[in-house]
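The values are calculated or read from the model by the stated rules, or taken from the named source; none is laboratory data. Since we're looking at a predicted model, the values are computed, not measured. When we count neighbours, we look across all protein chains shown, and the Cβ atoms used for this are built from the backbone with ideal geometry, even at glycine. Surface accessibility is based on the protein's heavy atoms, side chains included, excluding ligands, DNA and RNA. Shrake-Rupley method; radii C 1.70, N 1.55, O 1.52, S 1.80 Å.
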Amino acid sequence: MMEMQRQESDGRWDGLGSRDASSRAEAMELICQEVMRKVEAIGPTKAATPSSPARGSPPRSDLNDILVHLLMLSRRCPFEDVRERCAQLLQDIQAADGGLSCPNRPNAEVAELWGTGRKNGNRVGWPPANPQDLGIRIPRPLGSGPSRFIPEKEILQVSKVDARTQAIFEDAFAALHRLDNISLVMSFHPQYLESFLRTQHYLLQMDGPLPLHYRHYIGIMATARHQCSYLVNLHVNDFLQVGGNPKWLNGLNEAPQKLQQLGEINKILAHRPWLLTKEHIERLLKAEEHSWSLAELIHAVVLLTHYHSLSSFTFGCGIMPEINCDSGHTFRPPSISQYCVCDIANGNGHANHHDDLLGDQEMCGEVEELMERMKQLQECRDDEEASQEEMATRFEREKTESMLVVTSEDEECVPSREISRHFEDTSYGYQDFSRRGEQVPTFRAQDYSWEDHGFSLVNRLYPDVGQMLDEKFQMAYNLTYNTMATHKDVDTSMLRRAIWNYIHCMFGIRYDDYDYGEINQLLDRSFKIYIKTMVCSPEKTTKRMYESFWRQFQHSEKVHVNLLLMEARMQAELLYALRAITRYMT
């Protein structure tokens, strides 16, 4: 019975994702009526003190959940009509509760919100008697925009997008009934965002080997390994919405044995993928009644690697909690007086504390220096080609030097119980692959590559996913606007390849045709620290680290770097997993 009520409650928002304006208006009208009934049902009470919630409107009440959802829609829904009506509804509730009306909203516009059944400009029975005594709190957003690292004014606003991006946003909203902060930050690069969302939608919602609730639970397991509470919270909600058993959320030990067995490769892939062997695969495929099929395992592996790498992007871009998550809003009044809820819709409800990173600082021409090094390296390529022996030596040198890069000066991050209950062996984390003189064999790309081996295996066992992943990898790798900071008509292919190959080098993967001596010429130490932290220990990424590399570059270029890091990491993990599966099969 409770499950049915929850599904009906969730279903109230479905119509707002329709591309048909009349369907959205009808759905919005039903929501308005429901909110009005709930407000009228709250009897007069003393106004709550700032330190305590209003009586009749506790922080977790159904009405408050609805108000928070309306707040999120007023800022994030790609449909302008829905954004405006949600903001208006919140404002009217505040006004009915004795708050200050917005001087920019005429009474006729307020009355129009309530549709038919009006009397003297208001819906019958609205506002309720003695509204100022209801003590209803209106939520407001915390933080400033989708990212802690990027000023909100520099991120694409939902209300100001081109036709292509608008269509992408509408598709995303129709699929998940939200437009999350990750998508907003990725919207610097709409071509990539479209490919990313298409792939993620297929992995989570389309026909495939794994049931829907398994997919979201694997997302929880994967993101919990990196203590990414942002993604854990999203998938906890999604898991419940598709009918997942709430008991599983008490801890991994409450989940089916089949999912518990996935914990071993989850931790290895997340932290030390070079240690994965065919024996790990065999234990999963030959577990008697808890066995995985090959197709199921491919689906699970793709999900694990997708969410490990997406955790890196989340931390690397400083993604903020969603507005409708517990830490994304507050019911406490703001410190400024006479706060108006109409500010919710235009982002004026909180101060923007971000400073312009560039300002008037002199950056010593770092972009020009980098461009000059790229030019010199190209000339050296043309003049002389290193021998295979020298190329191998340079790879080993770079691999060894990558181990000397310290990811963070901070203390170890200890996961909270809320996060750590979703995975086992909390002390297991990233370690460099050569310790105390031990050498992990180099993974030679020509022996097992994504293009020649991994792609076909995935596509055979999980049709279409190999193609989608390949397009996404290529999109991130080849994406360019031929610019570097303020410079135009720049060939950035050398720099992009250095970033991609450096990450694979950290994972022990070597490309015979690449001169690893270029990496030290193109990537400075602060950039290497950022890369290694974000890829290997993303939970330790800080704003200071984000700001310390490429200081002259635009935020869109740094987001592009994060896309490269995310996809290079995912492909590296996948290569180790797929090689282990191939070895088991042969």
Counting only residues that are among the small types (G, A, S) and more than 23 Å from C536 (Cα to Cα), segment 241-284 contains a total of 4
Being at pLDDT below 50, open to solvent by less than 50 Å² (accessible area, probe 1.4 Å), over 30 Å from L184 (Cα atoms) and part of a helix (DSSP H, G or I) narrows A95, A54, A111 down to just A111
Within segment 305-323, is there a residue that is open to solvent by 20 Å² or more (accessible area, probe 1.4 Å), closer than 24 Å to R76 by Cα, touching a Leu at 6+ places or on another chain (Cβ under 9 Å) and in contact (Cβ under 8 Å) with a residue 24 or more places away in the chain? yes
In segment 241-254, anything on the phi < 0 side of the Ramachandran plot and open to solvent by 10 Å² or more (accessible area, probe 1.4 Å) is listed as Q241, V242, N245, P246, K247, W248, L249, N250, N253, E254
If we ask which residues in segment 199-240 are of a type in the set (G, A, S), open to solvent by 50 Å² or more (accessible area, probe 1.4 Å) and assigned to a loop (DSSP other than H, G, I, E, B), their number turns out to be 0
| On the given criteria, is W274 open to solvent by less than 40 Å² (accessible area, probe 1.4 Å) and part of a helix (DSSP H, G or I)? | yes
(1) among the β-branched types (V, I, T); (2) modelled with pLDDT of 95 or more; (3) within 24 Å of V185 (Cα to Cα) all hold for I581 apart from (3)
Taking segment 155-183 and keeping only residues that are in a helix (DSSP H, G or I), of a type outside the set (G, A, S) and over 19 Å from T480 (Cα atoms), one is left with Q166, I168, F169, E170, D171, F173, L176, N181, I182
L285 meets each of (1) out of contact with any Ser or Thr (no Cβ under 8 Å at 6 or more places or on another chain); (2) open to solvent by 10 Å² or more (accessible area, probe 1.4 Å) with one exception, condition (1)
Among residues of segment 509-529 being under 25 Å from the mean Cα position of the chain (by Cα) and without any contact (Cβ under 8 Å) to a residue 40 or more places away in the chain, the residue most open to solvent (accessible area, probe 1.4 Å) is S526
Scanning segment 156-198 for residues that are small (G, A, S) and under 18 Å from S74 (Cβ atoms), the one most open to solvent (accessible area, probe 1.4 Å) turns out to be S159
Out of (1) within 24 Å of the chain's Cα centre (by Cα); (2) loosely packed, with under 15 Cβ neighbours inside 10 Å; (3) under 28 Å from F196 (Cβ atoms), the one N266 does not meet is (2)
request  = State whether the residues of segment 479-490 include one that is under 23 Å from the mean Cα position of the chain (by Cα), surrounded by fewer than 17 Cβ atoms within 10 Å (Cβ to Cβ), among the hydroxyl-bearing types (S, T, Y) and not in a helix (DSSP H, G or I).
outcome  = yes
Residue hits (segment 205-230; without any contact (Cβ under 8 Å) to a residue 40 or more places away in the chain, under 24 Å from G466 (Cβ atoms) and not acidic (D, E)) are Q205, M206, P211, L212, H216
| query | Is it true that some residue in segment 117-130 is surrounded by fewer than 16 Cβ atoms within 10 Å (Cβ to Cβ), at pLDDT 50 or above and outside any loop (DSSP other than H, G, I, E, B)? | reply | no
Picked from segment 530-553 (must be out of contact with any Lys or Arg (no Cβ under 9 Å at 6 or more places or on another chain) and either open to solvent by 30 Å² or more (accessible area, probe 1.4 Å) or small (G, A, S) (or both)), the residue nearest to Y230 (Cα to Cα) is E539
